[in-house]
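Reading through the structure tokens given below for one structure.
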Amino acid sequence: MNAVWPLRGEFWHEKSTDAKVNGAVSRASGLNGEAVLTVDGNLLPPKRRVRNDSNGEYWELLSESADEMVENFSPFVGFGLTDDGVKATLLNCRLSRSMVGPSGRKQCITAQTILVGAHVSGHDQLYSAIRFEVDEAWRWEHLGTSPLRQTLSDGAYLAFEHGAKSAEFTYVSASRRTLRDLESGIVNAVATLAELCIGDRVTGVSYAVQIDGESEWLPVLFEYDRLQPDKRHRRPLIPFNELTLQTVGRWLDVATRLDNLADAVAQGPTGVVEIQVISTCAIAEGVHSRLYGDGDLSEVIGKVQRKLIRSAAYDAGMRQFDTLNIPKYRDRVADSLRTSLGALSRKAFATRISELGAAAVGTVPEVLEDFDAQRLATFKNWSHLVTSSRNSMAHQSREPLGAGPASDKYDYLLAAVMSLDWVLRIELLGRAGVRPSAIRSALLADNRFEMYRANVRAILEHRV
């Protein structure tokens, strides 16, 4: 699926088919470098003014107008024809810089994605299939050398074949889909599942697409945040032999419901602990909402009935407030009542966290075993700790978290986010179809899980 760098030939803007310029597409230095098209001339005429550079070249600076600067950097589609006659489509191109000097006029343009072998109609182009590789080929040796095929719930099918130096999945859609949809919903979904099992980033992915069942496969070159094999944990979190083709196929259905929330779980919490709490709790709420839903309350109580209940509760609440004779705060109370009653048929955050925790404990009892009543002190249980941590950050409360001094707050936040991260990973691995016994045995043998538990004990016991 690889193309030869650099790609040299003629290139032009999607709206200027007659204005062709010579250039070459190369990969920027570094493992994660993006593709850069350098052309002799203007592929995209910029709004500009000129100044003399200290090196003797004249740099064309962008206009001081904010609108024109945004226009200069807006993404566009470019086309190319290499010197050996190969067509190329450059998607999400952005002007990096323009310059003019003794060597003539030049432009540098970054391209997020390059499709080699055809000129397509930009992001609206539809494709029938995608063939891709995820991580190193040896990871998938357990699937064997015989071709495999699995029909999915929507009528699409997923196939796998292990070659001498490759391990290729092929997804054939029931109806044609855009490249972005296939990238996010198929390739990235499988990469995310692999990352949940590895407990780290995959080393890379590559893929090619097919416009219809009779057309040739078109390699796609793109920027991907790859990880060098020697920079990650040597031992995967979950043994890869748990990932059968059926498991991967089932995961694609789950990933469709989750959109990109699963990728956020696989990446793990980042940033300062306050941000980790806010983002991880939001992810957890989204995961629960999409996988568990809100139960049958919305079916039992119809839309009209819910509206009547909200109206009656609001009127009763405001009548009670008016007896206090403090009209200054009437608008604020009214707004709070409307907001609270708006979520009548939705599960509370605390309920969602409790259900996620119960599911994780059902698979790996040890994941929350250290959050016992003695260590939690003033918190009723683990879900109360997580909910209180989330509310403290979401509403920016200045009150202490728990009964201890204000300095304890950060320890509680850290314990909450670390545990919720593991709960979400267990949830998603189970949804993919990984055996519960395999999840539990793998986590109990992993030093990352062991260190998580030790840290929780140290944090909570210090508070008692």
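Sub-6 Å Cβ pairs linking a first residue in the range 6-27 that is without any contact (Cβ under 8 Å) to a residue 24 or more places away in the chain to a second residue that is open to solvent by 80 Å² or more (accessible area, probe 1.4 Å) and in a loop (DSSP other than H, G, I, E, B), at least 6 apart or interchain, are Ser26/Trp5; Arg27/Trp5, ordered by first then second residue.
Given the structure, is Ala394 on the phi > 0 side of the Ramachandran plot, modelled with pLDDT under 90 and surrounded by 13 or more Cβ atoms within 10 Å (Cβ to Cβ)? Against the criterion (on the phi > 0 side of the Ramachandran plot, modelled with pLDDT under 90 and surrounded by 13 or more Cβ atoms within 10 Å (Cβ to Cβ)), Ala394 does not qualify.
Within the range 238-251, the only residue that satisfies the criterion of being surrounded by fewer than 16 Cβ atoms within 10 Å (Cβ to Cβ) and outside any helix (DSSP H, G or I) is Pro239.
Looking at the range 205-217, which of the residues that are more than 18 Å from Val248 (Cβ to Cβ) and within 25 Å of the chain's Cα centre (by Cα) is surrounded by the fewest Cβ atoms within 10 Å (Cβ to Cβ)?
Step by step, filter the range 205-217, then rank; the result is Gln210.
Tell me, yes or no, whether the range 354-368 has at least one residue that is farther than 20 Å from Ala266 by Cβ, without any contact (Cβ under 8 Å) to a residue 40 or more places away in the chain, of a type in the set (S, T, N, Q) and out of contact with any helix residue (DSSP H, G or I) (no Cβ under 7 Å at 6 or more places or on another chain). Looking through the range 354-368, none of the residues is farther than 20 Å from Ala266 by Cβ, without any contact (Cβ under 8 Å) to a residue 40 or more places away in the chain, of a type in the set (S, T, N, Q) and out of contact with any helix residue (DSSP H, G or I) (no Cβ under 7 Å at 6 or more places or on another chain). Only one of the listed residues (Val36, Val21) is more than 17 Å from Ile114 (Cα to Cα), open to solvent by less than 80 Å² (accessible area, probe 1.4 Å), at pLDDT 80 or above and not aromatic (Phe, Trp, Tyr). That residue is Val21.
Could you say which residue among Ala159, Ala118, Ala174 is touching a Lys or Arg at 6+ places or on another chain (Cβ under 7 Å), of a type in the set (Gly, Ala, Ser) and either open to solvent by 50 Å² or more (accessible area, probe 1.4 Å) or in a strand (DSSP E or B) (or both)?
On the way: Ala118 fails: either open to solvent by 50 Å² or more (accessible area, probe 1.4 Å) or in a strand (DSSP E or B) (or both); Ala174 fails: touching a Lys or Arg at 6+ places or on another chain (Cβ under 7 Å).
Among Ala159, Ala118, Ala174, only Ala159 is touching a Lys or Arg at 6+ places or on another chain (Cβ under 7 Å), of a type in the set (Gly, Ala, Ser) and either open to solvent by 50 Å² or more (accessible area, probe 1.4 Å) or in a strand (DSSP E or B) (or both).
Where residues in the range 121-154 are assigned to a strand (DSSP E or B) and of a type in the set (A, V, I, L, M), which of them is farthest from Pro219 (Cα to Cα)? For the range 121-154, the residue satisfying everything is Leu148. Considered as a group, the residues in the range 359-368 that are part of a helix (DSSP H, G or I) and not acidic (Asp, Glu) include one that is surrounded by the fewest Cβ atoms within 10 Å (Cβ to Cβ), and that residue is Pro365. Is one or more of the residues making up the range 369-384 crowded, with 16+ Cβ neighbours inside 10 Å, in a helix (DSSP H, G or I) and in contact (Cβ under 8 Å) with a residue 40 or more places away in the chain? Yes, the range 369-384 contains a residue that is crowded, with 16+ Cβ neighbours inside 10 Å, in a helix (DSSP H, G or I) and in contact (Cβ under 8 Å) with a residue 40 or more places away in the chain. Here Ala137, Ala191 are screened, and the one residue that is open to solvent by 10 Å² or more (accessible area, probe 1.4 Å) and either at pLDDT below 95 or not basic (Lys, Arg) (or both) is Ala137.
Return yes or no: is Val254 surrounded by fewer than 21 Cβ atoms within 10 Å (Cβ to Cβ) and among the hydrophobic types (A, V, I, L, M, F, W, C)? First the steps, then the outcome.
Working: surrounded by fewer than 21 Cβ atoms within 10 Å (Cβ to Cβ): yes; among the hydrophobic types (A, V, I, L, M, F, W, C): yes.
The answer is yes for Val254.
Once the range 321-358 is narrowed to residues that are among the polar types (S, T, N, Q) and in a loop (DSSP other than H, G, I, E, B), the residue that is nearest to Ser388 (Cα to Cα) is Ser345.
The values are calculated or read from the model by the stated rules, or taken from the named source; none is laboratory data. For clarity, every value in this text was computed on a predicted model and none was experimentally measured. Don't worry about glycine lacking a Cβ; one is built from the backbone with ideal geometry, like all the others, and counts go over all protein chains shown. The area values use the complete protein model at the heavy-atom level, side chains included, leaving out ligands, DNA and RNA. Shrake-Rupley method; radii C 1.70, N 1.55, O 1.52, S 1.80 Å.
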